[in-house]
Amino acid sequence: MNTGIKMLESAKEIIKKSAQGLGLSQEQIDRLIEPNAFHEYNLSVGKKIYKAFRIQHNNNLGPYKGGIRFHPGVSREEVQALATLMSIKCAVAGLPYGGGKGGIIVDPKTLTAKELETLSRTYARAIAPVIGPTVDVPAPDVNTNPQIMAWMIDEYTNWANKTYKSNKTNWKATFTGKPVAIGGSLGRTEATGRGGVAVLMSLLKKLGKDPKKETLTVAVQGFGNVGYYFAKIAEEEGFKIVAVSDSKGGVFVKDGLSVEATLKCKKEKGSVSGCYCRGSVCDVKNGKTITNSELLELPVDILVPAALENAINLSNMRQIKAGIVIEMANGPVTEEAYEFLAKKGVFVVPDVLANSGGVTVSYLEWFQNMKNQKWTEDKVNKKMESLLADAFEAIWLKTKKKKLSIKQGAFELAIERIIKGKI
Ligand code: NAD
């Protein structure tokens with residue numbers, strides 16, 4: 001079975017289970033599972049044809065929202081699963097958005113810069129009739145970035161001005177994750193990591209713990225955008241970061257490492273795994289190289305899988321020693337492992353809440369564009385943190401009231417909001 005089909009089955013399964021927990025009818029469950037619209041395209045660029053998708057899952061709460069992925073592994077089922085999970089994530093975060101997702105089956109690394117631009121523009125023209133600031137608002141995802149959004153917004157604006165015969169200034173609100181110079185928001189780059197730390201702080205408050213008053217150790221798997229900013233912001237909040245890793249392996253420093261020094265070293269050596277030395281050779285003292293599996297099994301207070309899906313699974317779930325797991329990657333803890341850990345009393349904060357800082361700042365970018373405003377980074381961060389604190393509180397109340405895991409609580413809350421059409 002391909003991974004897209006598996007992802008889709010598991011997204012449907014958890015929605016069904018949560019909807020049954022809420023006592024919804026079969027008709028309501030079917031409506032929640034089936035997307036509103038599938039759009040499939042065959043895009044011609046040069047002599048090649050690329051298969052592309054935009055799937056709009058649900059818009060009960062507002063315009064569809066979700067990224068565009070360029071990857072050879074993209075499939076209709078994968079895009080559908082991701083669109084479904086975006087409906088849940090936006091509802092969990094309390095955003096006035098539904099869920100959508102787009103993708104092109106392509107390995108962008110095989111394209112020249114010109115071909116990448118042409119493909120991006122061709123895709124934007126193809127989806128133009130079904131998107132718009134109050135209809136569907138795409139964003140970057142795997143292998144797409146602010147530059148690609150800039151090409152797409154340029155193409156869309158030309159199309160919309162001609163088609164709707166109106167030079168609306170807020171056409172730019174049709175895409176988020178744009179470069180700041182053309183209407184992107186400050187704070188977007190760090191948003192997912194920063195949001196994860198905000199959610200962790202909300203959980204710790206409930207547990208009566210404070211990183212400024214006691215030592216709380218953290219291990220982070222993945223040192224890319226999400227893992228690096230999570231580690232950096234957690235360090236600023238007073239947590240002791242004892243381990244980080246990337247695809248080549250990890251480093252463990254019992255007394256706590258310096259996130260900046262580790263990043264500097266990774267840039268020089270190409271990986272964090274060589275980043276431990278003694279004395280004056282580097283800033284990270286008394287560290288040792290560890291594998292990615294060893295990192296997951298460390299006796300830390302907080303474990304942060306921020307790299308790949310299925311990192312914590314049937315084969316290693318019994319070795320997990322952390323009391324709190326923050327799912328910063330998408331789907332890093334499998335269903336079986338989630339249930340096992342939750343039963344054991346481990347607090348596992350699900351991805352739909354933990355990594356929703358990114359989409360929350362995308363919403364704030366859209367909001368600024370719609371109102372022709374430009375906020376300071378501090379204002380963006382504070383607003384995002386307050387939205388996530390509200391989201392956490394609503395889920396916590398639900399989990400306590402019905403004795404649910406945080407994931408079940410998050411899905412039930414999201415489904416209730418989608419059915420009501422109201423946050
Ligand atoms: P990234 O490409 O910037 O970083 C990924 C990191 O994971 C890199 O350090 C890479 O070396 C490491 N990695 C790859 N394979 C690994 C392995 N086998 N073991 C350990 N580390 C490995 O990606 P990112 O933007 O940081 O995204 C990470 C995860 O977070 C993905 O699951 C992504 O879907 C999810 N996510 C990202 C965002 C966002 O705003 N960037 C938002 C929501 C969810």
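We did not get these values from a lab; they are worked out from the coordinates using the rules stated. Bear in mind the structure is a predicted one, so any value in this text is a computation, not a measurement. Glycine also receives a Cβ, built like all others from the backbone with ideal geometry; neighbour counts cover every protein chain displayed.
The N372 and K165 beta-carbon pair, evaluated with R₀ = 25 Å, returns a calculated FRET efficiency of approximately 0.75.
Figure legend: label point modelled 7 angstrom from the Cα of V180 along Cα→Cβ; residues of region 381-409 with amide N under 19 Å from it are 381-385.
Towards the positive end of the charge dipole of region 60-216, with charges on Cβ (+1 Lys, Arg; -1 Asp, Glu), say which of S202, L119, T176 has the farthest Cα. Of the candidates, S202 comes out farthest on the positive side. From zero up to wherever the largest Cα-Cα distance of region 106-169 sits, split into 5 Å bins and tell me the percent of pairs in each. In whole percents, the pair-distance histogram is 4, 16, 28, 26, 14, 8, 4, 1. Among the listed pairs K240/K374; K205/K344; K89/K114; K266/K383; K178/K383, those whose Cα-Cα separation exceeds 29 Å are K240/K374; K89/K114; K266/K383. Expressed in units of 2.2 N^0.38 Å, where N is the residue count, the Cα radius of gyration of region 296-423 is 1.18. Three semi-axes describe the equivalent ellipsoid of the chain; taken as square roots of 5 times the Cα gyration tensor eigenvalues and ordered largest first, they are 34, 26, 21 Å. The angle separating the long axis of helix 191-206 from the principal Cα axis of greatest extent in the chain is about 50 degrees.
Taking every pair of Cα atoms in region 235-363, average 1/r, invert it to obtain the Kirkwood radius, and report Rg/Rh to two decimals. Rg/Rh for region 235-363 comes to 0.99. Remark: spin-label model distance D390-Q147 equals 3.7 nm, labels positioned 7 Å along the Cα→Cβ axis. Kirkwood radius, region 26-161, all distinct C-alpha pairs, inverse of mean reciprocal distance: 15.0 Å. Here region 157-255 is treated as a Stokes sphere of Kirkwood radius computed over C-alpha pairs; at 37 °C and 0.692 mPa s its diffusion coefficient rounds to 201 µm²/s. Against the chain, whose longest principal axis is taken from its Cα atoms, helix 76-92 shows a tilt of about 70°. Can you tell which of R76, R54, R318 shows the greatest fluctuation in a Gaussian network model of the chain with Cα springs below 10 Å? Largest GNM mean-square fluctuation: R318. Of V244, V300, V220, the residue with the greatest mean-square motion in the GNM of the chain, using alpha carbon springs below 10 Å, is V300.
Of the GluC sites (Glu not before Pro) in region 214-280, the ones in a loop by DSSP (not H, G, I, E or B) with at most 14 other beta carbons within 10 Å are E214. Separation of the alpha carbons by more than 31 angstrom is noted, of K267/K407; K109/K172; K209/K371, for K267/K407; K209/K371. Please find, in a Gaussian network model of the chain (springs between Cα atoms separated by less than 10 Å), the residue of S245, S258, S166 whose mean-square fluctuation is greatest. Judging by the Gaussian network model, the answer is S166. Given region 180-313, report the % of alpha carbon pairs whose separation exceeds 25 Å. I get 25 percent for the Cα pairs in region 180-313 exceeding 25 Å.
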